Amino acid sequence: MESLQIVWFCLWGLLWVVFFITNGCDFGVGIVSGTIFKDKKEKDMVIKTIEPLWNANEVWLLLAGGVTFAAFPKLYTVMFTTFYTPLTIVLFAIIIRGVSLDFKYKFLSDRAQSFWGKLLFLSSTLLALLFGVFFGNIFNGVAINELGIFEGNFFSFLNIYSILGGVFFLSFFVLHSLLWIGLRGEDVIKEKAINRANSFWFVLALSLILFLLFAYVKTKLFDNYFNNPILFLLPTFAFIFLILIKLALLKAQNIKAFIYSSLFIFFAVFSKLTGLFPKMLPSTLNENYSITLVNSSASFMTLKIMLIITLITIPVVIGCQAWAIRLFKD
């Protein structure tokens with residue numbers, strides 16, 4: 001296995017992690033704006049925390065999809081044909097969410113604003129669940145044959161492990177967004193967001209434990225860990241940062257809580273990807289049919305050129321987003 005392929009596997013995972021950290025705030029804000037913050041004034045203040053940034057955050061989804069296409073073309077082909085229906089739903093949910101955010105304040109009537117607010121809540125909730133189900137199926141494996149053709153139907157994706165994945169993703173999106181609101185929101189909603197984050201922390205902790213237990217029972221993600229026990233440091237760090245989130249909340253250290261939440265997401269996702277490695281889309285029919293790092297990657301020259309482009313692009317994107325956050329800090 002080429003070291004360059006391993007580098008690209010890590011980059012692929014990193015782009016998804018950054019997407020979850022940035023868009024986790026956005027999706028979560030859409031969810032809590034329809035559940036926790038029900039007063040119209042509160043809703044407006046909550047949505048205001050992401051208004052200048054949500055559109056730019058979606059560039060990470062484009063980068064993650066672009067890297068999959070350029071660096072792992074076979075994975076891209078099999079993944080997008082296998083998950084055609086769920087990904088189509090994701091696409092429409094992203095469109096509806098974007099339109100809802102854009103149109104919500106273009107209408108003066110309370111009825112119209114309420115309508116777009118409900119669509120924002122529903123699309124954000126659906127996206128959180130679908131991304132969890134999507135990655136739950138990647139970690140668990142899907143029924144693909146030797147030709148990379150999916151031998152199942154839409155309901156094959158709705159197994160107990162993938163549903164728990166959806167609950168886990170929904171949980172950390174909500175908590176992450178509450179911490180973001182506690183960091184960026186106006187004083188009127190900050191206290192409420194932090195109080196709810198303190199309570200919702202237990203929901204996230206429970207969903208993580210269940211997700212890991214079923215990963216042990218239903219998947220082969222722990223094989224790499226038992227073969228290389230040092231890898232257990234990754235989930236250990238995830239639990240450490242989860243606990244640090246709680247401690248920071250109890251001490252009203254909002255900035256630290258958000259940073260710890262971001263690090264928790266990083267280690268939680270990479271814990272799963274490490275268990276998956278070197279597979280990228282396991283087959284439940286036969287392990288030999290799995291899409292792996294080796295059989296799905298592009299040529300060495302393509303990976304090399306793309307690495308140069310990516311290493312230039314990512315700092316530019318990060319710099320632009322940092323500037324935008326600073327510009328709209330008030």
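The values are calculated or read from the model by the stated rules, or taken from the named source; none is laboratory data. Keep in mind the model is a prediction, meaning the values are calculated, not measured. Reconstructed Cβ throughout: ideal geometry from the backbone, glycine too, with neighbour counts over all protein chains shown. These accessible areas exclude ligands, DNA and RNA; they are computed on the full protein's heavy atoms, side chains included. Shrake-Rupley method; radii C 1.70, N 1.55, O 1.52, S 1.80 Å.
If the condition is being open to solvent by less than 80 Å² (accessible area, probe 1.4 Å), out of contact with any Ser or Thr (no Cβ under 7 Å at 6 or more places or on another chain) and not aliphatic (A, V, I, L, M), then region 229-259 contributes Phe232, Thr236, Phe239, Phe241, Lys246, Gln253, Asn254, Phe258.
Restricting Ser207, Ser262 to residues that are within 21 Å of Ser162 (Cα to Cα) and either touching a His at 6+ places or on another chain (Cβ under 6 Å) or open to solvent by less than 80 Å² (accessible area, probe 1.4 Å) (or both) narrows the list to Ser207. For Pro86, are the conditions met, namely being farther than 30 Å from Trp323 by Cα and open to solvent by less than 40 Å² (accessible area, probe 1.4 Å)? For Pro86, the condition - farther than 30 Å from Trp323 by Cα and open to solvent by less than 40 Å² (accessible area, probe 1.4 Å) - is met. The residue that is surrounded by the most Cβ atoms within 10 Å (Cβ to Cβ), among those in region 115-160 that are of a type outside the set (Val, Ile, Thr), outside any helix (DSSP H, G or I) and out of contact with any strand residue (DSSP E or B) (no Cβ under 8 Å at 6 or more places or on another chain), is Asn159.
Which of the residues spanning region 1-53 are outside any helix (DSSP H, G or I) and more than 21 Å from Ala257 (Cα to Cα)? Lay out the reasoning, then the answer.
Step one: of region 1-53, the residues outside any helix (DSSP H, G or I) are 1-2, 33-39, 49-53.
If the condition is that a residue be outside any helix (DSSP H, G or I) and more than 21 Å from Ala257 (Cα to Cα), then Met1, Glu2, Gly34, Thr35, Lys38, Asp39, Glu51, Pro52 are the ones that fit.
When region 280-330 is limited to residues that are free of Cβ contacts under 8 Å to residues at least 40 places away in the same chain and closer than 21 Å to Ala143 by Cβ, the one that is most open to solvent (accessible area, probe 1.4 Å) turns out to be Glu287.
Find the residue count for region 269-289, including only residues that are under 23 Å from the mean Cα position of the chain (by Cα) and more than 25 Å from Phe241 (Cβ to Cβ). Lay out the reasoning, then the answer.
Of all residues in region 269-289, those under 23 Å from the mean Cα position of the chain (by Cα) come to 269-283.
Among the residues that remain, those that are also more than 25 Å from Phe241 (Cβ to Cβ) are: 278-283.
Summing the residues that are under 23 Å from the mean Cα position of the chain (by Cα) and more than 25 Å from Phe241 (Cβ to Cβ) in region 269-289 gives 6.
Just one of the listed residues (Glu42, Glu51) is within 27 Å of Arg184 (Cβ to Cβ), charged (D, E, K, R) and surrounded by 17 or more Cβ atoms within 10 Å (Cβ to Cβ), and it is Glu42.
Taken over region 175-198, the criterion of being open to solvent by 10 Å² or more (accessible area, probe 1.4 Å) and closer than 23 Å to Leu130 by Cα is satisfied by Trp180 alone. Within region 220-236, residues that are charged (D, E, K, R) have Cβ atoms under 9 Å from residues that are open to solvent by less than 70 Å² (accessible area, probe 1.4 Å) and in a loop (DSSP other than H, G, I, E, B) in these pairs: Lys220/Gly141; Lys220/Pro282, counting only partners at least 6 apart in sequence or on another chain.
Taking the conditions (1) of a type outside the set (Val, Ile, Thr); (2) more than 30 Å from Gly275 (Cβ to Cβ); (3) out of contact with any Ser or Thr (no Cβ under 6 Å at 6 or more places or on another chain); (4) modelled with pLDDT of 90 or more in turn, Tyr105 satisfies each one other than (4).
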